[in-house]
1. Of the residues Arg92, Arg119, which single one is surrounded by fewer than 20 Cβ atoms within 10 Å (Cβ to Cβ) and under 21 Å from Ser174 (Cα atoms)?
2. Kindly establish whether Gly3 is in a loop (DSSP other than H, G, I, E, B) and open to solvent by less than 30 Å² (accessible area, probe 1.4 Å).
3. When the residues of the range 11-23 are filtered to those that are under 16 Å from Thr46 (Cβ atoms) and surrounded by fewer than 15 Cβ atoms within 10 Å (Cβ to Cβ), which remaining residue is modelled with the highest pLDDT?
4. Would you mind stating whether Lys108 is open to solvent by 60 Å² or more (accessible area, probe 1.4 Å) and part of a strand (DSSP E or B)?
5. Can you tell me which residues in the range 30-76 are aliphatic (A, V, I, L, M) and assigned to a loop (DSSP other than H, G, I, E, B)?
6. Quick check on my filter: what residues within the range 135-182 are within 24 Å of Ala20 (Cα to Cα), touching a residue at least 60 places away in the same chain (Cβ under 8 Å) and surrounded by fewer than 17 Cβ atoms within 10 Å (Cβ to Cβ)?
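The values are calculated or read from the model by the stated rules, or taken from the named source; none is laboratory data. Please read these numbers as outputs of a predicted model, since none were measured by experiment. With ideal geometry, Cβ positions are generated from the backbone for all residues, glycine too; neighbour counts draw on all protein chains shown. Just so you know, the surface numbers come from the protein's heavy atoms only, side chains and all, with ligands and any DNA or RNA stripped out. Shrake-Rupley method; radii C 1.70, N 1.55, O 1.52, S 1.80 Å.
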Amino acid sequence: MCGRYGRTTSAAHFAKLIEASSPNDVTDAPGFNLPPGSMRACALRTPRDNTLKMGSAWWGLIPSGAKDDKFSPINARSETAAEKQPFANAFRKRRLLCAADYWIEWQKGDDGKQPWLIRPADGQPFFFAGMWTQAKGLPSDHKLANAVTFTILTGKPHDDIAHIHNRQPLALTSEAARAWVDAPAESSVEHLQGILEDGVFSTYESWPISTLVNKPDNEAPSVIEPL
């Protein structure tokens, strides 16, 4: 799964990677220790004019008809997202990219859980494959009423990092990221699954980091330094 990541590169740089527009009002809040339940820099094609734009979305997908935010998954299994609600429609029609520089995963051990930083081996910024929906069913006075919310797709881990956890977020190359959001709504599930399978990075690097990262309030470069 993916429950924490870091983005230290600007949203404007991510926009350039995929030739997306970046509105002046985009919330650009990079950080070393980013948890769910807050606005994050993402890119999607807008329903109104199909323009690819960087913007801000809430990490934790709230189904469009939901009357509250009690069910807001931060991850979805890529193997079954096209078949299960509330993900199926979003998998086909509302695909999203979440900008990241690395993610953090916890490895279970005899002495507890050891956090690791994981990223593509080339160390370059990348995008998580995701899906979005608009929280239209929430009461008008809810802070997320009509907000764009999203979840990150996960899959089986690459051999380089399988010793850390049995799942990983799908980290896409810039080319695959464009393919993910550019695929038309009528694309077959097989085609979309192919983008996810072929578009992830082929090598990864990782290192253990301090348990300071366990608390999202610990937001400093020191939390990701190798032990």
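1. The match here is Arg92.
2. Answer is yes for this residue.
3. My answer is Glu19.
4. Details: open to solvent by 60 Å² or more (accessible area, probe 1.4 Å): yes; part of a strand (DSSP E or B): yes.
Yes; evaluated as a whole, the condition is true for this residue.
5. Scanning the range 30-76 gives Leu61, Ile62, Ala66, Ile74.
6. Of everything in the range 135-182, just one residue is within 24 Å of Ala20 (Cα to Cα), touching a residue at least 60 places away in the same chain (Cβ under 8 Å) and surrounded by fewer than 17 Cβ atoms within 10 Å (Cβ to Cβ), namely Asp182.
Rundown of residues vs (1) of a type outside the set (A, V, I, L, M); (2) over 24 Å from Gln85 (Cβ atoms); (3) in a helix (DSSP H, G or I), yes/no style:
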position: Gln124; (1), (2), (3): yes, yes, no
position: Trp132; (1), (2), (3): yes, no, no
position: Phe150; (1), (2), (3): yes, no, no
position: Ala162; (1), (2), (3): no, yes, no
position: His165; (1), (2), (3): yes, yes, no
position: Ala179; (1), (2), (3): no, yes, yes
position: Gln193; (1), (2), (3): yes, no, yes
position: Glu197; (1), (2), (3): yes, no, yes
position: Ser202; (1), (2), (3): yes, yes, no
